[in-house]
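See below for the structure under consideration.
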Amino acid sequence: MEKVVVAIDGPSGTGKSTTAKLLAEKLDYMYIDSGAMYRAVTYDVLSKKINPADTRKIVELARNARIEFRGDEFFLNGKNVTKEIRSIEVTNKVSSVSAIKELRKILVDKQREYAKKFNVVMDGRDIGTVVFPEAKFKFFFTCDLNTRAARRRQDFIDHGMKIPVEKIMLELKKRDEIDTKRKESPLRKAKDAIEVDTTNMIIEEQVNLLLRRVQGLD
Ligand code: DC
């Protein structure tokens, strides 16, 4: 039977991942955090001290990368890198690494493989536009910048890091700029995606809004 894809795109800090994860639990679908895949390759590039301009090497890394989602944990080539891929170093570099065309092709193929076997909720930047243009359900999350920065700050605190909100705001702006202006699969809303502005919403509301749509109740 054809598998169901729920695509959730939008900038970082809009609440995509938390919503996607809870929605997947409720639907008993597999949750795929596509950003984690780009982060994993970036982590590998940094830890192997590969020059970020060395596209050929980066593509080779990605091609051989064994990426696994095991519950809440994320493994790269058998190593648990759940924490490492969220580091500030990775966060600062991931936008430029993920702008590499050949790398995207490899990761997009991997993302499509998951949806051959499982019903999936997948979040990212290009899921509804490029990875699954035919997805049955597409959502595009937005949120005002101050709220996004405050949420990110709290995420960092939860991971034991205290970072000034102004710095976070600058990083978010920089990443938005790269993600929306890049040539390959830029971040944009698919024409048929439902826009969800999460600025004044709590997680439960977001999850319920999506759940009702997927279940055909709204
Ligand atoms: O969602 P995130 O912040 O973990 O994503 C990290 C980076 O990966 C983000 O800056 C852009 C990139 N990304 C992408 O280009 N395409 C995706 N489908 C998911 C993430």
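Mind checking the alpha-carbon convex hull of the stretch 159-200 and giving the volume per residue in Å³?
It is 127 Å³ per residue.
With +1 on the Cβ of every Lys and Arg and -1 on the Cβ of every Asp and Glu, and nothing else charged, how large is the dipole of the chain about its Cα centre, in debye rounded to the nearest 20?
700 debye
Compute log10 of I(q)/I(0) for the stretch 18-62 with the Debye formula, placing one identical point scatterer on every Cα and leaving out solvent, at q = 0.20, 0.29, 0.30 Å⁻¹, to two decimals.
-0.64, -0.97, -1.02
Compare R66, R175, R188 in a GNM of the chain, Cα atoms joined below 10 Å, and give the one with the largest fluctuation.
Taking springs between Cα atoms under 10 Å, the residue moving most is R66.
Multiplying the sequence separation of K181 and T142 by 0.36 nm and subtracting their Cα-Cα distance, what value in nm do you get?
Extra length available between K181 and T142 comes to 12.4 nm.
Starting from the Kirkwood Rh over alpha-carbon pairs, what translational D in µm² s⁻¹ does the stretch 142-218 have by Stokes-Einstein at 37 °C and 0.692 mPa s?
225 µm²/s
What is the fewest-to-most order of S17, S96 by other Cβ atoms lying within 10 Å of their Cβ?
Fewest to most other Cβ atoms nearby, the residues stand as S96, S17.
Cut-off 20 Å, label point 7 angstrom out along Cα-to-Cβ of D109: give me the residues of the stretch 161-195 whose amide nitrogen falls inside.
184-185
Roughly what % of Cα-Cα distances in the stretch 45-160 sit above 25 Å, to the whole percent?
In whole percent, the long-distance tail amounts to 32.
In the stretch 89-119, whose amide N lies under 17 Å from the spot 7 Å out along Cα-to-Cβ of N51? List them in ranges.
97
Can you tell me the relative contact order of the stretch 1-124? Whole percent, Cα pairs under 8 Å, sequence separation 6 or more.
47 percent
Given bins 5 angstrom wide, list per bin the percent of all Cα-Cα distances in the chain, short to long.
Histogramming the chain at 5 Å steps yields 1, 7, 15, 19, 21, 18, 12, 5, 1, 0, 0 percent.
Against the globular-protein guess of 2.2 N^0.38 Å, express the Cα radius of gyration of the stretch 17-95 as a ratio, rounded to two decimals.
It is 1.16.
Which of K49/K191; K79/K101; K16/K183; K26/K183; K48/K191; K57/K136 have a Cα-Cα distance over 29 Å?
K49/K191; K26/K183; K48/K191; K57/K136
Take V130, V121 and order them by how many other Cβ atoms sit within 10 Å, fewest up front.
V130, V121
Could you estimate the translational diffusion coefficient of the stretch 90-218 from the Stokes-Einstein equation, with Rh from the Kirkwood formula over C-alpha pairs, at 4 °C and 1.567 mPa s, in whole µm²/s?
Stokes-Einstein gives a translational diffusion coefficient of 79 µm²/s.
Considering only DSSP states other than H, G, I, E and B, which GluC sites (Glu not before Pro) in the stretch 151-186 qualify as loop sites with at most 16 other Cβ atoms within 10 Å?
Sparse-neighbourhood loop GluC sites (Glu not before Pro): E184.
Grab the DSSP H runs of the chain that are 4 residues or longer, score each as -39,500 (n - 2.57), total them, divide by all residues and round the 222 nm result to the nearest 500 deg cm²/dmol.
Result for the chain, helices only: -15500 deg cm²/dmol.
Modelled label-to-label distance, E60 and I194, 7 Å Cα→beta-carbon offset: nm?
4.7 nm
Could you check which residue among G128, G35, G160 shows the biggest mean-square fluctuation in a GNM of the chain with a 10 Å Cα cutoff?
In this elastic network of the chain, the residue with the biggest mean-square fluctuation among G128, G35, G160 is G160.
Every read-out reported here was derived from the displayed coordinates using simple, explicitly stated rules and does not represent laboratory data. All figures in this text were calculated on a predicted structure; none of them were measured in a lab. So basically every Cβ, Gly included, is an ideal-geometry build from the backbone, and we count neighbours across all protein chains shown.
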